[in-house]
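Report on the following structure.
The values are calculated or read from the model by the stated rules, or taken from the named source; none is laboratory data. Just so you know, these numbers come straight off a predicted model, no measurement behind them. When we count neighbours, we look across all protein chains shown, and the Cβ atoms used for this are built from the backbone with ideal geometry, even at glycine.
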Amino acid sequence: MQVIGLCRFSYPAYGGFQVEHETLEDRIRYLYDHDRLEERFRLFETVALPCLKNQTDPDFELIIVIGDSLPKRHVERLYDQISDLPQARLVKEPPRRQREVMKELLQKARRDPSKPCLQFRHDDDDAISVKFIEKLREATQDCQGLLKRHQAVTFDYNNGYVAEVGKHGISATPIRRPYYVASLGMHIAGGSNLTIMNFAHEKIFKFMPTVTFPQPPMFVRTHNGYNDSRQKAVKAVPVEPLKPEQEEHFRTDFAVDIDHVREVFSDP
């Protein structure tokens, strides 16, 4: 079964952000700000990409959507970062309504729309379990009866971590969060034109059956200086430095290497 992932990397869409801007030019300046992009690239390299490069089931594809105005040097840096991830491809798009363009790209990516597929979203600053694709395929076997009766079914892995990463390493705390973007997958029936981008992730349970898997931990959500959802007043999440056994857990299950994190974030 085809598995398609979608990642938005600083794409200047109309809509799709909780941080509001008066003009498109203001949004582009915000997204392409030097300090913001530098943090995004470092998180992409140390958190978001390693887990994809180390999936136990490598049979998936990843669409990375960027703006057609992203400066050339940044596009080249992205190409360098994904050079050893053959499943990934960059797609340049002019500014458009976010859901419109993302749904279109997902539809075009389906090799045979008459057959079912699995879809997932991947934020550029989060990690998923290295077994995520494997677990998605297992879920389709567990739920075959349900899948036959519905156009779409969501698989929700609600166990994970909030983490802060930087030159001192990683601090984190376990959390339970249902219907979060990371480690959320959707089965789309053959012949259906639905996509995972038809729905707001936190409201997805209103529109289709969902199956929740509470174990094992399946995501790492980073809190950083430019989380879109945290630019407004939100409650802080206390985190603690990882212990050695937790560092190994992050390295083994999410491919997040604390030494790599320290090295990348220590660079001026």
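At a glance:
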item	result
Pairs with Cβ under 6 Å, 6+ apart, first in the stretch 174-193 and farther than 9 Å from Asp156 by Cα, second basic (Lys, Arg) and part of a loop (DSSP other than H, G, I, E, B)	Gly190/Lys115
Residue in the stretch 109-120 that is more than 17 Å from Ser192 (Cα to Cα) and not in a loop (DSSP other than H, G, I, E, B) present	no
Test: Asp57 is surrounded by fewer than 20 Cβ atoms within 10 Å (Cβ to Cβ), in contact with an Asp or Glu (Cβ under 6 Å, 6 or more places away or on another chain) and not basic (Lys, Arg)	yes
Per-region count, the stretch 71-106, residues part of a helix (DSSP H, G or I) and either more than 13 Å from Phe44 (Cβ to Cβ) or of a type outside the set (D, E, K, R) (or both)	17
Odd one out for Glu22, checked against (1) surrounded by fewer than 17 Cβ atoms within 10 Å (Cβ to Cβ); (2) modelled with pLDDT of 95 or more; (3) in a loop (DSSP other than H, G, I, E, B)	(2)
Any hit, the stretch 37-58, residues being out of contact with any helix residue (DSSP H, G or I) (no Cβ under 7 Å at 6 or more places or on another chain), over 20 Å from Thr222 (Cβ atoms) and outside any helix (DSSP H, G or I)	yes
Residue count, the stretch 103-148 (criterion: closer than 20 Å to Asn54 by Cβ and basic (Lys, Arg))	4
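One line per residue, one yes/no per condition, for (1) of a type outside the set (Lys, Arg); (2) surrounded by fewer than 16 Cβ atoms within 10 Å (Cβ to Cβ):
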site: Pro86; (1), (2): yes, yes
site: Pro94; (1), (2): yes, yes
site: Arg111; (1), (2): no, yes
site: Asp123; (1), (2): yes, no
site: Asp126; (1), (2): yes, no
site: Ile133; (1), (2): yes, no
site: Glu138; (1), (2): yes, yes
